[in-house]
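The structure under discussion appears below in the form of structure tokens.
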Amino acid sequence: MASFLWHFNQTELDAGVVPDDLLTFSKKISGGLFIISFIGTAIVCLGYGFIRWIAPSYDRASLRLLVYGAISHMFLGAASMCRNKPFLPVKTCGFCMFLFIFCNVFSAACFTCMAINLHLVYVHSARNIKHLGWYYVIGSFSIAFILAILPLFPKNTHYGHNNHMGICWYNASTHRGSLLWAITTIYLWVAIFILYCCISICIILIKMRREEVAINANLAVDSNQNNRNYCFSHLFFRPRHRLGTMPEEQPSMPSSLLQSQLSTRNDRKLESSYVLKTVSRVIWYPIVLIITRIWSVINVCIMAATSKVNPFFSLMSYIALPIQDPAFIAAIRQFIYRIRPSKKEQKAPALELSLSRHTGDLSNGTGTHSWTSRQRSAWSPFSMSIQIPTKIHPSQHQSSSSSSEQNLIHESEIDLSSCHRSSSA
């Protein structure tokens, strides 16, 4: 950190002036990231149009907020690149600053509304909240518009070239007055959004953890679940389950009824897992809002408290602003999804071979275990539990109907490690 600080003019830093080399370096990085975000935003808009055309029922409030935030972030990038040019005309600078503040606050408010919507739906089980989507947009638009137009009313305050910042910024009579306007109209509200997102995310993660415990109890996971090695990713994905031995089959159960019950239980498990995975995808956006916006809040607080410029936080505030774009968030999420199951995907061919051998040994008159396309699709690198429905041979239907109603439905769930050991044996 010390070596990084000494690359810039220490006198200018102590005077609260952003050095030219730091400003030039920050402009190049943020400009390149904004250009990439423009392309990503175009892809997001095309995807949203495709969803509206193919499946309008998937047009949810969170999806609309995501699209509004992406479009707002595109205009934010254009305004940011425009205001970085030196010595703009007063009217051009005023328009760029108005657009910059409006899009800055509006995009952050949209992601915060996603956290509010997720909190209401997942934690409080709110239903029929489609009308809230308009309240989210109208509220975010109103707050952003008022904060962007507010600095234009005082006579001694306007948008213009700021000699300390070196760009188009607030141009009050004093530098501390400009910082006060920046804190009041941007960073205070961003800090409020960050605080709420932190609280909401903690509540949602606690709820997800409780749901996971309830699902595990419902699936009758045995005691060796307590020896799992938890890591940070288990907060967002269903951990793999190591299940016990196969239960005994009930040959008196009719095959059609057995298959129906198994299908119902599998659908319930997939539905529960789908809810958790959906929440884990939506929760990324408030998390990224916290990670990207915290740098600018810390930077302006340091400048207001010490009247000095911190090069590291100033650079990070430039770099982190374009990364808030939803296209970047989706790319980061897909990158994490690819990195995490890489080792398990290499074992997939051996897994299928061992399962085929194992199920071949089991089909000797007691039942036939088939590895169908549905079971292949059920396998996921994030959930290593395999469900294999059992078909009962017709010759075994010898018990009466009264005894068949008293039998319990058992599902054959085979742990991957036990399958491999049995196949090698």
Worksheet item: What does the range 105-195 give for Rg and for Dmax, in Å, if only its C-alpha atoms count?
Response: 16.9, 52
Fill in: Net charge contributed by nearby residues that have their C-beta within less than 14 Å of Ile302 (K/R +1, D/E -1)
+1
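What's the whole-number percent of alpha carbon pairs in the range 173-219 lying beyond 12 angstrom?
71 percent
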Response to the item:
The answer for His161, listing residues at least 5 apart or on another chain whose modeled amide H is closer than 5 Å to its amide H, is Trp169
Item to complete: Please turn the phi angles of the range 21-34 into ³J(HN,Hα) values with the Karplus equation 6.51 cos²θ - 1.76 cosθ + 1.60 (θ = phi - 60°), one per residue in order, whole Hz, x for glycine and proline.
Response: 5, 5, 5, 5, 5, 5, 5, 5, 5, 5, x, x, 5, 5
Item to complete: Once you have the Kirkwood Rh of the range 45-161 from its Cα pairs, apply Stokes-Einstein at 10 °C and 1.306 mPa s and quote D in µm²/s.
Response: 100 µm²/s
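By how many nm would the segment from Ile290 to Thr184 grow when fully extended, if each residue of separation counts as 0.36 nm and the alpha-carbon distance is taken off? Don't jump to the answer; show the numbers that get you there.
On the way: separation 106, 0.36 × 106 = 38.16 nm, distance 1.87 nm.
That pair, Ile290 and Thr184, stretches by 36.3 nm at full extension.
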Practice prompt. Just need log10 I(q)/I(0) for the range 5-83 at q = 0.13, 0.25 Å⁻¹, Debye formula, equal scatterers on the alpha-carbon atoms, no solvent, rounded to two decimals.
Written response: -0.57, -1.09
Practice prompt. Measure off 7 Å from each Cα along the Cα-to-Cβ vector at Asp14 and Arg281, then give the distance between these two points in nanometres to one decimal.
Written response: 5.5 nm
Item to complete: Give the residues of the range 106-134 whose amide nitrogen is closer than 20 Å to a point set 7 Å from the Cα of Ser57 in the direction of its Cβ.
Response: 127-131
Discussion item. Through the Karplus equation 6.51 cos²θ - 1.76 cosθ + 1.60, θ set to phi - 60°, convert the phi angles of the range 70-76 into ³J(HN,Hα) values in whole Hz; use x for Gly and Pro.
Written reply: 5, 5, 4, 5, 5, 5, 4
Practice prompt. Go through Thr11, Val123, His73 and say which Cα lies farthest out towards the positive end of the charge dipole of the range 1-160; charges sit on Cβ, +1 for Lys and Arg, -1 for Asp and Glu.
Written response: Val123
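Read-outs: derived from the displayed coordinates by stated rules, not from any lab. Note that the coordinates shown come from a computational prediction; the quantities given were computed from them, not determined experimentally. Because the Cβ atoms are built from the backbone with ideal geometry, glycine has one as well, and the counts that use them run over all protein chains shown.
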